[in-house]
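These notes are about the structure you will find just below.
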Amino acid sequence: MKISELPEDMRQALRAQHRAARKLRAEHRRLGLPIIVWKNGKVVEEPA
């Protein structure tokens with residue numbers, strides 16, 4: 001399903017989630033902290 005086919009409230013929620021993720025990555029980069037992600041079935045630290 002394309003994003004444009006989603007209901008408006010769901011599109012707004014996705015935009016908010018993406019905005020929050022960008023802010024988190026920027027903050028972690030600024031502070032020199034790693035980002036914790038799920039990769040290949042494991043939790044790993046990645047450099048921000």
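The values are calculated or read from the model by the stated rules, or taken from the named source; none is laboratory data. Predicted model, so just to flag it, every value in this text is computed and none were measured. All Cβ positions, glycine included, derive from the backbone under ideal geometry; neighbour counts span all protein chains shown.
Here are some notes:
Yes/no per residue for (1) surrounded by 10 or more Cβ atoms within 10 Å (Cβ to Cβ); (2) at pLDDT 95 or above; (3) in contact with a Gly (Cβ under 7 Å, 6 or more places away or on another chain); (4) β-branched (Val, Ile, Thr):
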residue: SER4; (1), (2), (3), (4): no, no, no, no
residue: GLN12; (1), (2), (3), (4): yes, yes, no, no
residue: TRP38; (1), (2), (3), (4): no, yes, no, no
residue: VAL44; (1), (2), (3), (4): yes, yes, no, yes
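- Listed conditions (1) modelled with pLDDT of 95 or more; (2) touching a His at 6+ places or on another chain (Cβ under 9 Å) are all met by ALA48, apart from (1).
- Candidates ARG25, ARG29, ARG11 - the one that is in contact (Cβ under 8 Å) with a residue 12 or more places away in the chain, more than 12 Å from the chain's Cα centre (by Cα) and in a helix (DSSP H, G or I): ARG29
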